[in-house]
Every structure is written in structure tokens, then in C-alpha cells.
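S.K.: I'd like to ask you about the structure that follows.
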Amino acid sequence: MAYLMIFVTAIFVNNIVLSQFLGICPFLGVSKKISTAAGMGIAVMFVITLSTIVTYLIYYSFLQPYNLSFMITVTFILVIASLVQMVEIILKKTSPALYQALGIFLPLITTNCAVLGIAILTIQKNYNLLAAVCYALASSMGFTLAIIIFAGIRERLNTTNIPAALKGTPIALITAGLLSMAFMGFAGISH
């Protein structure tokens, strides 16, 4: 039951983008079309889950036992960047179709603060490995849900008559705020 609660709250209540404001750059930048938003979401799910597993193991097998916890941020950034680069090389060799499908999204994920944020939050929340993986997967699914919904709304906004002063970024920010407020309605679920 605890894992189900972690899963539901990470997707809806504590959505990584709409509640914790991590991953805003790709959320605003890659959400103009549903297809690109979905591609970014899938790539983020893969990288966040994989990087959380690797950083969790590094933290509990190396950083914590040797009292190097102060190195968590630098270590995790290096691990995530290396991991993304390694995944990109492996995908290019083994699955060119998937590599092409992910395109530019894979290198962009290196700079997505949500990846680092989830890795650090799993340590701060003292999750075991299974709970950490559950939290990482659910948080990345929440990111994907939010970015796809936002992309759908933005596509719809392109076909509507919007005042000139609100076109582009202003209406996108207003929409993101309204979407964030809508997700606040899920807060009653966790109680």
C-alpha cells in the first residue's frame, strides 16, 4: 500500500513539474507539439528511472559509507551526464530506430534538473531501492503526463483567437499556472 501511495502522490499530488517546479525548461520549451512532448516524456522516464537506480547504489555503497555525502550533487551530476552519454552510445549501436525516435531529447535530458532532483529526493526521503525506483518512475510519469497535457492545450491555443499581447510565452505561462492549480485539486488524495 505504501508503494501505491508513493506512486499516486508522485504523479498527481507532488507532480515534479507542477508542484515542485523541477524540469520547467523542457516543460515550456518542448511542449509545442504533442509528438515532441511525448518523445521527451518517454526519454525522461527512461533516464530518470535508470539514473535514480545508479545514483542510489553509488550513494549507499560509496558516498555514505566513506562519509562523502557532501559530494552528492557533484557526483550525481557526473553520473547522470555519463549515464546519458553511455545510453546514447548504446542506443546508437544497438537500436538505431529508438535512437532516431529519441533524437535530440536524450542529450537535452542531461540538463533537465528534474533528473538530478529526483535522484537527490530519493536519498533525502530515505527510500529503500524499490521505493526509490517506484518514486522515480512515478515522478517521471507525472512529468510525462503534465507535458503531454500542456502540449495538447498549447496545440489547441494555436487555433484560437488570442489577444496579441498574450500570444506565445505569456499564454503558455498562464496555461501552466492554471494546469498547476488544477493538479492542486489532487492534494486531497494523499490524506
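The values are calculated or read from the model by the stated rules, or taken from the named source; none is laboratory data. Small disclaimer: the values here were computed from a predicted structure and weren't measured. We place every Cβ from the backbone using ideal geometry, glycine too, and count neighbours over all the protein chains shown. The accessibility values were calculated without ligands, DNA or RNA, using every heavy atom of the protein model including side chains. Shrake-Rupley method; radii C 1.70, N 1.55, O 1.52, S 1.80 Å.
S.K.: Just a yes or no: is a residue in region 94-101 in contact (Cβ under 8 Å) with a residue 40 or more places away in the chain, farther than 25 Å from ASN128 by Cβ and not basic (Lys, Arg)?
M.R.: Looking for residues that are in contact (Cβ under 8 Å) with a residue 40 or more places away in the chain, farther than 25 Å from ASN128 by Cβ and not basic (Lys, Arg), one finds at least one in region 94-101, hence yes.
S.K.: Turning to a different aspect of this structure: Quick one: which residue in TYR127, TYR135 is outside any helix (DSSP H, G or I) and crowded, with 16+ Cβ neighbours inside 10 Å? Before the answer, list the steps.
M.R.: Details: TYR135 fails: outside any helix (DSSP H, G or I).
Answer to the selection: TYR127.
S.K.: Tally time: how many residues in region 58-72 are among the small types (Gly, Ala, Ser) and open to solvent by 50 Å² or more (accessible area, probe 1.4 Å)?
M.R.: Adding up the residues that qualify gives 1.
S.K.: Here's a check for you: in region 19-45, which residue that is part of a loop (DSSP other than H, G, I, E, B) and open to solvent by less than 10 Å² (accessible area, probe 1.4 Å) is modelled with the lowest pLDDT?
M.R.: SER31
S.K.: Six or more apart or on different chains, Cβ atoms under 9 Å: show the pairs whose first residue is in region 63-74 and free of Cβ contacts under 8 Å to residues at least 12 places away in the same chain and whose second is among the aromatic types (Phe, Trp, Tyr) and in a helix (DSSP H, G or I).
M.R.: From region 63-74, the pairs are LEU68/PHE62; SER69/TYR59.
S.K.: Follow-up. Restricting the first residue to region 129-152 and requiring it to be of a type in the set (Phe, Trp, Tyr), which pairs with a second residue that is outside any helix (DSSP H, G or I) and open to solvent by 30 Å² or more (accessible area, probe 1.4 Å) meet a Cβ separation below 9 Å and a spacing of at least six or different chains?
M.R.: TYR135/LYS125; TYR135/TYR127; PHE143/LEU22
S.K.: Does at least one position in region 170-183 carry a residue that is in contact with a Ser or Thr (Cβ under 6 Å, 6 or more places away or on another chain) and surrounded by 12 or more Cβ atoms within 10 Å (Cβ to Cβ)?
M.R.: no
S.K.: Test ILE48 against the criterion of being part of a helix (DSSP H, G or I), in contact (Cβ under 8 Å) with a residue 60 or more places away in the chain, out of contact with any Phe, Trp or Tyr (no Cβ under 6 Å at 6 or more places or on another chain) and over 15 Å from ILE123 (Cα atoms), and give yes or no.
M.R.: In short, no.
S.K.: Would you check if THR55 is within 22 Å of VAL133 (Cβ to Cβ), open to solvent by less than 30 Å² (accessible area, probe 1.4 Å), among the polar types (S, T, N, Q) and touching a Phe, Trp or Tyr at 6+ places or on another chain (Cβ under 7 Å)?
M.R.: The answer is yes for THR55.
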